[in-house]
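Peer 1: Mind looking over this structure? Questions follow.
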Amino acid sequence: MIERTPVLDFITHALLIGSLVALLIPFWIIFVAASHDFHTVNQVPMPLMPGSHFLENMATAWERGNFGRVMLNSIVVAGGVTIGKIVIAALSAFSIVYFRYKLRMVMFWLIFITLMLPLEVRIVPTYAVAADALRPFKAIFELFGISVGLPEWNLLNSYSGLILPLIATATGTFLYRQFFLTVPDELTEAAKMDGSGPVRFFLEVLMPLSKTNMAALATIMFVWSWNQYLWPLLVVTDQQNFATATMQLQKIVPGPVFGEPPIWNVAMAANLIVLTPPVLVTIFLQRWFVRGLISTEK
Amino acid sequence: MAEITLRDVRKSYAKNEVVHGVNLDVASGELIVILGPSGCGKSTLLRMVAGLESITSGEVAIAGRVVNRLEPRERGCAMVFQNYALYPHMSVAKNIGYSLKIAGLSKAERTERVNKVAATLGLTDFLERKPAQLSGGQRQRVAMGRAMIREPKVFLYDEPLSNLDATLRVAMRVEIRKLHQRLGATTLFVTHDQVEAMTLADRIVVMNKGGIEQVGTPSEVYGRPETTYVANFIGSPGLNLLKGAAHPDEGVIKLPDGQQLAYDRNQWPEIGHGPVVVGFRAEAVKFGSGPLSARFDFAEELGIAKLLHGSFGGQGMIVHVATHEDLQSGQPFFFSVDPRDIQLFDADGGRRLEEARTPAARTKIAAPIQVRA
């Protein structure tokens, strides 16, 4: 439909531009703060034009935060969580949509209910399990009075400890379920007639078809796991080797130490470093991301 | 030997039976069209043969082997779906060759066979395209290629032409017939379009409400319908069916208003006194003069002819007239029907009444069949 509504057009554009500016101002302030020296940044009011110390501040922040190591940790963890989530979500949704078994809907609702149990709610039991991964089994054995000498399996201070407890995902399962429901039954039947078994159908038909879906999920989940703060803080005590970027940021942001002026320029430079990977991921995947969320283009 | 045998095949969803005990023998190399209105169970039947639906009771055998418990891939059938069901992410070549890939054939062998099939179907130039870049007819051909490449014993078509436009449908119909003649594979073809059924089939299976009404060649089904359902369903328009009372001593059927239709007593020697359903084709009516009269209601223009809708003895009737007749609504017209064109059915069950099996009586059946799209 073609409409000519100049007033409405003006209002929508003004609203869009206003929102964009509101969105970009914090980034601008971070950038400006990161480009001045210690004295200028602490002036009141703070200058709103960039200074000349940007590279210098970035170098200081990179060194002080040990970001070479820490960024790598974060990329491994966020990447691991993202891949893990996609695999788990696709597999569980495949089972729920394509197989008829008893308790199928019960399983689905059990998964769905975990939406209401984010990590923060179940952090104590999750920590207990991370401290000894076989502990639930031990508890069950004890309940029945069986004594089996299970070894201690400690996930603290390890990548698996940072990744595994985060990969269960109801959102992903739900997103995949909705996608699988839109795949026409005839496609499944055609694959059956062609002689394809379930695993082959999953890998060669469903997975390629769900590319946009996968990108959408990857974007959300990468950003989400990159921003994880509480769990890494708990599970990592060996901060030299396993600290993540968000944890490290906390050390650079000036603390409430009496008599010491806050070093905002370096802190903001560190901020810029830490926010770069999720921003890049979002920019590169956003075209797919939008398609994956809104359309069932086939 | 029968290639496909159905023995008392039934299908129920929960307590609801949708296919009621179907028996059918399909000879090797035969093209059988299963014809019926939507919801009559024809697709369900086909899918039970394919292995996409479980068989509640009864037996399906392909090439002498009971396949009830076999997976679709083990049955040796290939199927063409109504919506083509092509894999959207694969090129035409990959779509056609997918079953061979699953079967574990080498890439060289696959390419060779894909090229051969593509050449027969005129798809050689499109092999690298994705299904979304093809027209409806081309997609249909890819779907057929995907079925052909497996060189199956049995072809199953589930309303494959319903998504095409009219011109293309006629063209594809011819192609399917040609393909069948060349490959000689046993074929089951499901459709609700009687023209498709008439033109394609060696034999037609007419289904209604989950059961078989009649199995026969197109001319048998058209010329000698076994039930009033088939009589009304086949042909356009279907057989005129009127309630009347038989008077075998006079050789006539009397309609409620007293008009009489003579029938051929040699053909129907054992008709009892009493109510019957009398049927005749709209095309068999000789319009213009005759002992019978009906009231004209309205006309349908067909271009080369007209269908006059009228009321005959208080019951609806359609007459096919080739001439340009102008009638006013409510005006009476006169006509006659050759006694040999009269067909008789049971007034209760709608089954065709017993006929004499004399050659003389059967000559009529061999009369040329006229079907209009």
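No value in this document is a laboratory result; all are computed from the given coordinates. These numbers come from a predicted model, not from an experiment. All Cβ positions, even for glycine, are placed from backbone atoms using ideal geometry, and neighbour counts span all protein chains on display.
Peer 1: Which order results if A:V121, B:V221, B:V230 are arranged by neighbouring Cβ count within 10 Å, fewest first?
Peer 2: A:V121, B:V230, B:V221
Peer 1: Please name whichever of B:T111, B:V142, B:G64 sits farthest to the positive end of the charge dipole of region B:2-223, dipole taken about the Cα centre and charges placed at Cβ: Lys and Arg +1, Asp and Glu -1.
Peer 2: B:T111
Peer 1: Still on this structure: Taking region B:104-146, which GluC sites (Glu not before Pro) meet the DSSP loop condition and have no more than 16 other C-beta atoms within 10 Å?
Peer 2: Hits after loop and neighbour filter: B:E128.
Peer 1: Between B:S12 and B:A166, what is the label-to-label distance in nm when each label sits 7 Å out along the Cα-to-Cβ direction?
Peer 2: Inter-label distance under the simple model: 4.5 nm.
Peer 1: Of the DSSP beta bridges with both residues in the protein assembly as shown, give the percent that are antiparallel, rounding to the nearest 5.
Peer 2: In the protein assembly as shown, approximately 75 percent of DSSP beta bridges are antiparallel ones.
Peer 1: Let me ask something additional. Between the alpha-carbon centers of region B:128-176 and region B:56-86, tell me the distance in whole angstrom.
Peer 2: That distance is 19 Å.
Peer 1: Which of B:D348, B:D202, B:D25 moves most in a GNM of chain B, Cα contacts under 10 Å?
Peer 2: Comparing B:D348, B:D202, B:D25 in the GNM, the peak value goes to B:D348.
Peer 1: Another question, if that's okay. Region A:53-113 to region A:156-215: how many Å between their Cα centroids?
Peer 2: If you average the Cα positions of each part, the centres end up 15 Å apart.
Peer 1: Are there GluC sites (Glu not before Pro) in region B:152-248 that DSSP puts in a loop and that have at most 16 other Cβ atoms within 10 Å, and which ones? Present the calculation step by step, with values, prior to reporting the outcome.
Peer 2: Numbers: sites: B:E175, B:E196, B:E213, B:E220, B:E226; in loops: B:E226.
Counting only loop positions with at most 16 other Cβ atoms within 10 Å, none of the GluC sites (Glu not before Pro) in region B:152-248 qualifies.
Peer 1: Under a Cβ-only charge scheme (Lys and Arg +1, Asp and Glu -1), can you give me the dipole magnitude of chain B about the Cα centre, in debye to the nearest 20?
Peer 2: The dipole magnitude comes to about 1700 debye.
Peer 1: If you average the alpha carbon positions of region B:1-47 and of region B:213-239, how far apart do those two centres end up, in angstrom?
Peer 2: Using only Cα atoms to place each centre, the spacing works out to 18 Å.
Peer 1: Give me the aspartates and glutamates in straight-line cross-link reach of A:K251: C-alpha distance below 18 Å, same-chain residues under 8 apart excluded.
Peer 2: The reachable aspartates and glutamates, counting only those whose Cα sits under 18 Å from A:K251, are A:E63, A:D238, A:E260.
Peer 1: In chain A, which longest range has no GluC sites (Glu not before Pro) that are both DSSP loop (not H, G, I, E or B) and surrounded by at most 11 other Cβ atoms within 10 Å?
Peer 2: My reading of the result: A:153-296 is the longest stretch.
Peer 1: Let me know the charge dipole size of the protein assembly as shown about its Cα centre in debye, to the nearest 20, where only the beta-carbon of Lys, Arg (+1) and Asp, Glu (-1) is charged. Before the final figure, lay out the partial values.
Peer 2: On the way: 63 positive and 58 negative charges, 260 e Å.
I would put it at about 1240 debye.
Peer 1: For each of B:T124, B:T228, count neighbouring Cβ atoms within 10 Å of the residue's Cβ, then give the residues from fewest to most.
Peer 2: Ranking B:T124, B:T228 by Cβ neighbours within 10 Å, fewest first, gives B:T124, B:T228.
Peer 1: Tell me the label-point distance for the pair A:V76, A:V279, using the 7 Å Cα-to-Cβ offset, in nm and rounded to one decimal.
Peer 2: Calculated label separation equals 2.6 nm.
Peer 1: Cα-Cα pairs above 36 Å in the protein assembly as shown: how many percent?
Peer 2: It works out to 62 percent of all Cα pairs.
Peer 1: Tell me the trypsin sites (Lys or Arg not before Pro) within region B:320-360 that lie in a loop according to DSSP and have at most 13 other beta-carbon atoms within 10 Å. Before the final figure, lay out the partial values.
Peer 2: On the way: sites: B:R340, B:R351, B:R352, B:R357; in loops: B:R357.
Within region B:320-360, the qualifying trypsin sites (Lys or Arg not before Pro) (loop, at most 13 other Cβ atoms within 10 Å) are B:R357.
Peer 1: Also, quick follow-up: Only helical DSSP H runs with n ≥ 4 go in: add -39500 (n - 2.57) per run for chain B, normalise by residue count and round the 222 nm mean residue ellipticity to 500 deg cm²/dmol.
Peer 2: -7000 deg cm²/dmol
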